[in-house]
Amino acid sequence: MLRSLSPGLPRSRRGCLRVASLALISVLAAPAGASITGVCPDGSVFIVQSEASIPCERAKRVEPHEVPPLRPDYLPKPYTWQVYGESVDPNNPYNMIDSARKVRALQQGGGPPPEAALPQVGAPPPPVTRAQRAPRSLEPETLGLSDGELRDLFLIVELSQERAPANFVKETADGLERMRVSLAHSQSFEDRVAASWGAGAGSMQGRVLLFTVVAQAQESFFGNFTFTQGHFAFQPDREDPRQMGVLHGRFGPLSHGETLLGYVVVPRDVDFAAPADVYWNDRRTTATFSPAS
């Protein structure tokens, strides 16, 4: 039937029609019915018509749009970080709904609608008990830390880099160090934070990391960290003391020789005994904060 359309067409157009007809035949020949998509343990992807046709054991079934990249190591950033970025993108229509409602309320002459009046999607978060509430600020005085203990914590972070390296170095074009940022886990400091917040050992909602910053030149530091591990990604809010805070120094511009000591509370979804990707601005490192002895 297609042949009757082609005699008067140039050879190149005939080729296009032939390719189009083959594609159409392939679509029409595809078996009817819902398909099953999944990934095998070896990383291969399958699309089959029945469970009996799944080519491997322990396969993970996914929706077609959830199939991860076949070569994620070729991506400029980890796939999980890409997914996380899409979920928090302010231009994501899902994230614009509440903002649009507030703008409309302001345009109508009233104040922004109360958060409780907005429809909630998904299950509400569990209530926060008294033991889980954090103080509005977490300062050395709150923790009972002396100047000497602050210096010890700074030293702990630096010495931990030999056993569990987790640091970033910002250099000049000719290789001179401008700023060094290091992270480490201290169980004793985590226990002290838990005691300060009224949480018993192991009952905190997260794990605590210390970080130090040493500036060798005029540079700015704002604690822009992101942690990813497997499917999980977390970006702490430096305005929330339950997620991040400063014990010595300050966020912002740092002068030559100026230092900073701070903490970040990472959700327990991050396994400190396994490698995790840590981002600082556009830099990335992989760290195991509590490696096996």
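Go through region 169-241 and name the chymotrypsin sites (Phe, Trp or Tyr not before Pro) that are in a DSSP coil and have 14 or fewer other Cβ atoms within 10 Å of their Cβ.
On the way: sites: Phe189, Trp197, Phe211, Phe221, Phe222, Phe225, Phe227, Phe232, Phe234; in loops: Trp197, Phe222.
When the chymotrypsin sites (Phe, Trp or Tyr not before Pro) of region 169-241 are filtered for loop state and at most 14 Cβ neighbours within 10 Å, Phe222 remain.
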Original post:
Using 7 Å Cα-to-Cβ label points, what is the Arg238/Thr259 separation (nm, one decimal)?
Top reply: 1.9 nm
**OP:** Take the alpha-carbon centre of region 202-245, take the same for region 255-291, and report the distance between them in whole Å.
**Re:** 7 Å
**OP:** Count charges around Pro267 for me, please; just the other residues with Cβ under 14 Å from its Cβ, Lys/Arg as +1, Asp/Glu as -1.
**Re:** -2
Original post:
Exactly which GluC sites (Glu not before Pro) in region 168-259 are in a DSSP loop and have at most 14 other Cβ atoms within 10 Å?
Top reply: Glu239
Original post:
If you roll a 1.4 Å probe over region 141-272 with all protein chains in place, what percent of the accessible area is carbon or sulfur?
Top reply: 48 percent
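How far, in nm, would the chain grow between Ser146 and Ser53 when pulled straight, counting 0.36 nm per residue and subtracting the alpha carbon separation?
Numbers: separation 93, 0.36 × 93 = 33.48 nm, distance 6.56 nm.
Length gained between Ser146 and Ser53: 26.9 nm.
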Subject >> trypsin sites (Lys or Arg not before Pro) restricted to DSSP loop in region 152-250 with at most 11 other C-beta within 10 Å >> reply: Arg250
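The values are calculated or read from the model by the stated rules, or taken from the named source; none is laboratory data. Quick caveat: nothing in here was measured; it's all calculated off a predicted structure. Backbone-built Cβ (ideal geometry, glycine too); neighbour counts: all protein chains shown. The protein model used for the area step is the full one, side chains on, heavy atoms only, and it has no ligands, DNA or RNA in it. Shrake-Rupley method; radii C 1.70, N 1.55, O 1.52, S 1.80 Å.
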